[in-house]
Amino acid sequence: MTRRRWYRTLSIAAGVALAAAIQGCGEGGASSAISATRDSSGIAIVDNTPPINPPTYAALSVEPNLEIGTLDGAEPYQLFRVSDVTQLGDGAIAVGDGGSQQIRVFDAEGRFLRSFGREGEGPGEFKGLGPFRLVAGALHVSDWSLDRVSILGLDGTFERSYPVALPGGDPPMIVDGLADGSWVVTKSFVFRPSNISAVVRDTLPYMLVRAEGTAVDSLGRFPGIEFFVYGNERQTSASSLVFGRMTLATAGADRIAIGPNDRYEVELYGTDGQLERIVRRAHVPRPVTPTDIDAGKAKRLEDAATDNFRRQIEQLYLEMPIPPTMPAFDELRIDALGFLWVRDPLSPVDAVATWHVYGADGRWVGVVTTPTDLGVREIGVDYVLGTWSDELGVEHVRRYALQRDPTGGVD
């Protein structure tokens, strides 16, 4: 059996909520946006229909205002398997480096300050750096290999650690953290040997785990990743289905977003684990074209390290049933204002990534575009932090300035 894992504070009050309709821009322009909210047993359901030509809610700077990462420079700047990134209260940047199992701290200008942690199983050591969260002036750092969370001061002082466990002993997969030290946790995907090739999809529980490691609140069960398990009498292997469906989850300071991307619907939960709001958007599924398939296959072949891997990829594309349409969305983030960002499904041929943004009340406020090769990790009030790899595969952390439209719900 193979265990699968996923990887993945500035706080100000949200401003005035966006009006229900955004005025169109005249003949040939966008029609008005419509957001309608209704109550269903105490849960707000918000149905959104954006304009045909959606206005921009916020814009990133053309170039990053900070970049960390190098091929040949000093060792602290050489990044490998970045697990997470966050901006600290003084503008410094904490970077989880999976290659060294260290947290590395850089100042607001990108100069290295200090590092802490190392590979191991002792106090303050890690074997599988995962997501981390700044909580009350300390870093709560998850470890997907040791199934635990360690609490460290910003100077690296080890405070304590605690195990993360799911009821029944299922292997936990830590997804994201909240500002109170709680964690969203699900179960790792497991597949069993088979000599029959098929698309399989598990149903996974999502739990809210408190700061002592006990799963106390169930967020529900959701469909997992669609895997194509292909096998014969000699071996079985699995690959996520190209343009397949899955459940995405993320957390902000005080809310959780979960959504299976079979349809355009995202559920928002509070810190008590209770469902508070459902956000929906009218949309037409995007077709998967032969160009999309060929471009994705070419990228996989380019990244393959050996001829044997390339042959496996060729065989995979011959056997795998590829869906006729893309998922409804392929990424979720909650920003520092509690706004929900939902990324449209990204094709290998797209020039930019488009995010639809919803206010704290669930109403649509506009779109934001980001570079397609930027892995967005954190969205502050006035910045976006993400990861990026150059043409040599060297990993970098980039920060962009974010200019929000003041009419989009922010004073």
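The values are calculated or read from the model by the stated rules, or taken from the named source; none is laboratory data. No experiment lies behind these values; they were computed from the predicted model shown. In this analysis, Cβ positions are derived from the backbone assuming ideal geometry, glycine residues included, and neighbour counts consider all displayed protein chains. Surface areas here come from the heavy atoms of the whole protein model, side chains and all, with no ligands, DNA or RNA. Shrake-Rupley method; radii C 1.70, N 1.55, O 1.52, S 1.80 Å.
Given a 1.4 Å probe, how much area per residue of region 263-388 is accessible, in Å²?
Accessible surface, normalised per residue, equals 42 Å².
State, in angstrom, two size descriptors of region 257-353 derived from its alpha carbons: Rg to one decimal place and Dmax to the nearest whole number.
For region 257-353, the Cα-based Rg and Dmax read 17.3, 50 Å.
Considering only protein heavy atoms and a 1.4 Å probe, what is the carbon-and-sulfur percentage of the accessible area of the chain?
Its accessible area is 51 percent carbon and sulfur atoms.
With the dipole of the chain worked out from charges on the C-beta (+1 for Lys and Arg, -1 for Asp and Glu) around the Cα centre, which of VAL216, ALA251, PHE132 lies farthest toward the positive end?
So the residue we want is VAL216.
When only DSSP loop residues count, what chymotrypsin sites (Phe, Trp or Tyr not before Pro) in region 63-106 have their Cβ near at most 13 other Cβ atoms within 10 Å?
Sparse-neighbourhood loop chymotrypsin sites (Phe, Trp or Tyr not before Pro): PHE80.
Mean residue ellipticity at 222 nm from the helices of the chain, using -39,500 (n - 2.57) per DSSP H segment of n ≥ 4 over the full residue count, to the nearest 500 deg cm²/dmol?
The helix-only estimate for the chain comes to -2000 deg cm²/dmol at 222 nm.
How much accessible area per residue does region 91-178 have, counting only protein heavy atoms and a probe of 1.4 Å, in square angstrom?
Counting only protein heavy atoms, the per-residue value for region 91-178 is 36 Å².
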